[in-house]
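The values are calculated or read from the model by the stated rules, or taken from the named source; none is laboratory data. The model shown is predicted, which means the values in this text are computed figures rather than measured ones. Here the Cβ is made from the backbone with ideal geometry for all residues, glycine too, and neighbour counts use every protein chain on show. To get the accessible areas, we keep the full protein, side chains included, count just its heavy atoms, and leave off ligands, DNA and RNA. Shrake-Rupley method; radii C 1.70, N 1.55, O 1.52, S 1.80 Å.
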Amino acid sequence: MESQDAPDGPEAHRGFICASFNQDTTSLSVGTKTGYRLFSVTAVDKLDCIHEGVECPDVYIVERLFSSSLVVVVSLSMPRRMNVYHFKKGTEICNYSYSNNILSVRLNRQRLVVCLEESIYIHNIKDMKLLKTLLNTPTNPSGLCALSVNHSNSYLVYPGSATIGEITVYDANNLSTVTLIQAHDSPLAALTFNASGTKLASASEKGTVIRVFSIPEGQKLFEFRRGMKRYVSISSLSFSADTQFLCASSNTETVHIFKLEQHSPSQDEESPTWSTYVGKMFTAASTYLPTQVSDMMHQDRAFATVRLNMFGLKNICALAMIQKLPRLLVASSNGYLYIYNVDPQDGGECVLVQKHRLFDSSEDQVEQKEEEDPEDVSLPPTSQSYAATVALPSTPPSSTTLMGYSEDGGAQKGEVIPEHEFAEGPVCLDDENEFPPVGNQS
């Protein structure tokens, strides 16, 4: 457990704005009032801050590409501009400005996707060339979308409707729509791919049912019931690396972990039990019951759960193998990262093994001082403010400091990327020597 035993307050940490795990859950990115921080989450007992960026304040989007030095940042002070940094060299690779506020950014080793409220921009990550603009997409005020982390199977999904839970599946490599999935009756609230990009999990604004579909076919594979008593706001969904488990966090105190396993009829026949017998009775009876009741009887419940000691705070969850054991990571807006052990055999209640501060004690003291002197503090806009602006006609993004780069040495300072330059293959960004070089902007 954490050495400094500070109590958990019911309120969000005032320095916290956003958080996201990278594509393979080895790093946690946190946007703060002063900039952003990147943490390594490859060990349980320690949380190393590997970089603190102060290029711009009030960061509400920060996304790191795997374990590379590429990080994408968007600030509340300039919500229409995306900055791409090489944080180890301390240089800006490029920045792009868009016609409206940026709501989310997704990236893999082949594509970088920028989502606005009614349009989506797809860039080639090797040279940052704009490949496709999807205009007049259904109104998407939260910027909900997901991009497969597998660049060879690079699918993009986003809401196909603002009124029902329809999912548009788009091939980001071939730049074409693949299929539409009628996933939920209510508008979508969460989307996520598994590591290979072959499965997609979704949840609606009601938050009671989570479904898993095959990609690209769109066939429903699993259906899980998160709860029945109340509607909740699902804040994150995440598969384990082996796609055996799926976790879901919300604005409630419970994080659910579901197990993706097909029930084999032959196994039931080989080892008949009382529960198997009752299950068969329910299955037979379900054919005579209303559809809603029948569906509910076929929905699997949570395999494992976590009871957080907070309610109503935004948090994100992820499943990861850390030191050869399955763990559940929960990053909360109260300024803490929680690490739980998960029993892959029996499930049940997960055990908290570590709690890490995302802000040090000196910042907590500054926060308390700001609360005592509120007249001296200029608070950043609320998280909804960047989505509540007047829509402008969609125009291509403008690149003000974009410079060309390539694997064989890069362009000279200020050289513009040729229109015909496309990526022939993904750039290996894990190796520092392979990272595209960039000149400093004068």
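Would you mind stating whether Ser249 is open to solvent by less than 60 Å² (accessible area, probe 1.4 Å), closer than 30 Å to Tyr336 by Cα, out of contact with any Pro (no Cβ under 7 Å at 6 or more places or on another chain) and modelled with pLDDT under 95?
Working: open to solvent by less than 60 Å² (accessible area, probe 1.4 Å): yes; closer than 30 Å to Tyr336 by Cα: yes; out of contact with any Pro (no Cβ under 7 Å at 6 or more places or on another chain): yes; modelled with pLDDT under 95: yes.
Criteria met by Ser249.
Assuming Leu38 fulfils every condition listed in (1) within 18 Å of the chain's Cα centre (by Cα); (2) touching a residue at least 40 places away in the same chain (Cβ under 8 Å); (3) open to solvent by less than 20 Å² (accessible area, probe 1.4 Å); (4) within 27 Å of Ser119 (Cα to Cα) apart from one, which condition is it?
Leu38 satisfies every listed condition except (4).
Quickly run through the stretch 108-130 and pick out the residues that are assigned to a strand (DSSP E or B), open to solvent by 10 Å² or more (accessible area, probe 1.4 Å) and out of contact with any Pro (no Cβ under 7 Å at 6 or more places or on another chain). Don't jump to the end; show me each part of the working.
Restricting attention to the stretch 108-130, the residues satisfying the condition of being assigned to a strand (DSSP E or B) are 111-115, 119-124, 129-130.
From what's left, open to solvent by 10 Å² or more (accessible area, probe 1.4 Å): 111, 129-130.
Residues satisfying the conditions are Arg111, Lys129.
From the list Ile61, Ile50, which one is surrounded by 18 or more Cβ atoms within 10 Å (Cβ to Cβ) and modelled with pLDDT of 95 or more? Before you say what the answer is, go through the steps one by one.
On the way: Ile50 fails: surrounded by 18 or more Cβ atoms within 10 Å (Cβ to Cβ).
The unique qualifying residue is Ile61.
Taking the stretch 192-216 as the search range and keeping residues that are modelled with pLDDT of 95 or more and of a type in the set (D, E, K, R), which one is nearest to Ser233 (Cα to Cα)?
Arg211
It is to be established whether one or more residues within the stretch 131-150 are in a strand (DSSP E or B) and either without any contact (Cβ under 8 Å) to a residue 12 or more places away in the chain or within 22 Å of Val255 (Cα to Cα) (or both).
Scanning the stretch 131-150, I find at least one residue that is in a strand (DSSP E or B) and either without any contact (Cβ under 8 Å) to a residue 12 or more places away in the chain or within 22 Å of Val255 (Cα to Cα) (or both), so the answer is yes.
Can you confirm whether Leu156 is at pLDDT 95 or above and more than 20 Å from the chain's Cα centre (by Cα)?
Values: at pLDDT 95 or above: yes; more than 20 Å from the chain's Cα centre (by Cα): no.
Considered against the rule, which asks whether it is at pLDDT 95 or above and more than 20 Å from the chain's Cα centre (by Cα), Leu156 comes out as no.
Looking at the stretch 279-287, can you tell me whether even one residue there is open to solvent by 40 Å² or more (accessible area, probe 1.4 Å) and modelled with pLDDT of 60 or more?
Within the stretch 279-287, not a single residue is open to solvent by 40 Å² or more (accessible area, probe 1.4 Å) and modelled with pLDDT of 60 or more.
Inside the stretch 64-82, can you point out the residues that are open to solvent by less than 30 Å² (accessible area, probe 1.4 Å) and in a strand (DSSP E or B)?
Of the residues in the stretch 64-82, the ones open to solvent by less than 30 Å² (accessible area, probe 1.4 Å) are 64-66, 68-76, 79, 82.
Correct list: Arg64, Leu70, Val71, Val72, Val73, Val74, Ser75, Pro79, Met82.
Does Ser202 qualify as being under 23 Å from Cys115 (Cα atoms) and out of contact with any strand residue (DSSP E or B) (no Cβ under 8 Å at 6 or more places or on another chain)?
no
I need the full set of residues from the stretch 252-270 which are closer than 28 Å to Asn334 by Cα and either modelled with pLDDT under 60 or aromatic (Phe, Trp, Tyr) (or both), in order please. Even if it seems obvious, please write down each step before you answer.
Step one: of the stretch 252-270, the residues closer than 28 Å to Asn334 by Cα are 252-258.
Residue satisfying the conditions is Phe258 alone.
Hey, among the residues in the stretch 154-166 that are among the polar types (S, T, N, Q) and surrounded by fewer than 19 Cβ atoms within 10 Å (Cβ to Cβ), which one's farthest from Asn101 (Cα to Cα)?
So the first thing to find is which residues in the stretch 154-166 are among the polar types (S, T, N, Q), and the list is 154, 161, 163.
Among the residues that remain, those that are also surrounded by fewer than 19 Cβ atoms within 10 Å (Cβ to Cβ) are: 161, 163.
Details: Ser161: 20, Thr163: 22 Å.
Here the answer is Thr163.
Exactly one condition in (1) under 15 Å from Cys145 (Cα atoms); (2) in contact with a Phe, Trp or Tyr (Cβ under 7 Å, 6 or more places away or on another chain); (3) part of a strand (DSSP E or B) is not met by Ser235; state its number.
(2)
Looking only at the stretch 182-212, which residues are of a type in the set (A, V, I, L, M, F, W, C) and in contact (Cβ under 8 Å) with a residue 40 or more places away in the chain?
Leu188, Ala189, Ala190, Leu191, Phe193, Ala195, Leu200, Ala201, Ala203, Val209, Ile210, Val212
Among the numbered conditions (1) surrounded by fewer than 21 Cβ atoms within 10 Å (Cβ to Cβ); (2) farther than 25 Å from Pro159 by Cβ, tell me where Tyr85 comes up short.
Of everything listed in (1) surrounded by fewer than 21 Cβ atoms within 10 Å (Cβ to Cβ); (2) farther than 25 Å from Pro159 by Cβ, Tyr85 misses just condition (1).
Hey, could you check the stretch 296-343 for residues that are in contact with an Asp or Glu (Cβ under 8 Å, 6 or more places away or on another chain) and among the aromatic types (Phe, Trp, Tyr) and say which is surrounded by the most Cβ atoms within 10 Å (Cβ to Cβ)?
For the stretch 296-343, the residue satisfying everything is Tyr336.
Mind checking which residues of the stretch 1-35 are at pLDDT below 95 and open to solvent by less than 20 Å² (accessible area, probe 1.4 Å)?
Correct list: Gly15 only.
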